[in-house]
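The values are calculated or read from the model by the stated rules, or taken from the named source; none is laboratory data. Note that the coordinates shown come from a computational prediction; the quantities given were computed from them, not determined experimentally. All Cβ positions, glycine included, derive from the backbone under ideal geometry; neighbour counts span all protein chains shown.
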Amino acid sequence: MRAFFAVDLPDPLAPAVADAQARFADAPGVNPVDPEQAHVTLKFLGEIGGRGDGGDPPLDDVIAAGERAVDRAGVAPFEAEVAGLGVFPNREYVSVAWAGVERGGDALAALHEALEAEATALGVDPADHDFTPHVTLARVENAAGADAVRDALDAEAPEVGTFAVDEVRLVESTLTPSGPEYEVVERFPLA
């Protein structure tokens, strides 16, 4: 199964995520994500659930790694605030538009670092970029879409809202023609 560790935004913030996306959602080449599936990815794992024969790490091992990481990070429940806009990889070449985490980023970074260490110890590829806590709003496929996102960057920054973070989730991601479908596999409460 394809999976990742994440912190989910609560359902009441979905309309605010949609409002943030509205600035560029209708532009050609912009593919908004489902606001009801908004989350902060802490560690993308790729394929997991193998038999432990040198391939993908077994699900039980990934769950145990998640438990160790959350325990080791020592992060207590906290509040996170999502606001503002940003892009990956940069303003000149826009492939992803996102809303940033303005408060709670240090706690998310601590969780990311612990999950990164545990996952790479299982053989998961290490991240190839610095961790930036964010909520993906859209994927951008062409220059017209990139122009719309750049225009949104120059406008007033959206405020998505504040939410309580009290757990990390291991999420299965199934790719479908209408977009990814997510299912929570395991929950790891913060201490």
Pick out, from segment 87-191, the strands (runs of 3 or more DSSP E) lying fully within it that include 1 or more residues that are at pLDDT below 95 and under 24 Å from residue 62 (Cα atoms). 167-176, 179-189
Residues that are over 22 Å from residue 108 (Cβ atoms): find the strands (runs of 3 or more DSSP E) completely inside segment 1-70 holding 2 or more of those. 30-32
Single residue of segment 97-140 satisfying the filter (among the small types (Gly, Ala, Ser), touching a strand residue (DSSP E or B) at 6+ places or on another chain (Cβ under 7 Å) and under 20 Å from residue 157 (Cβ atoms)) that is surrounded by the most Cβ atoms within 10 Å (Cβ to Cβ): 97
Consider residue 76 carefully, then state whether it is in a loop (DSSP other than H, G, I, E, B) and within 16 Å of residue 163 (Cβ to Cβ). yes
Is at least one residue of segment 84-92 crowded, with 16+ Cβ neighbours inside 10 Å, closer than 23 Å to residue 162 by Cβ and among the aromatic types (Phe, Trp, Tyr)? no
Scan segment 74-100 and report the pairs whose first residue is touching a residue at least 24 places away in the same chain (Cβ under 8 Å) and whose second residue is assigned to a loop (DSSP other than H, G, I, E, B) and among the charged types (D, E, K, R), with Cβ atoms within less than 6 Å and a gap of 6+ or a chain change. 77/166
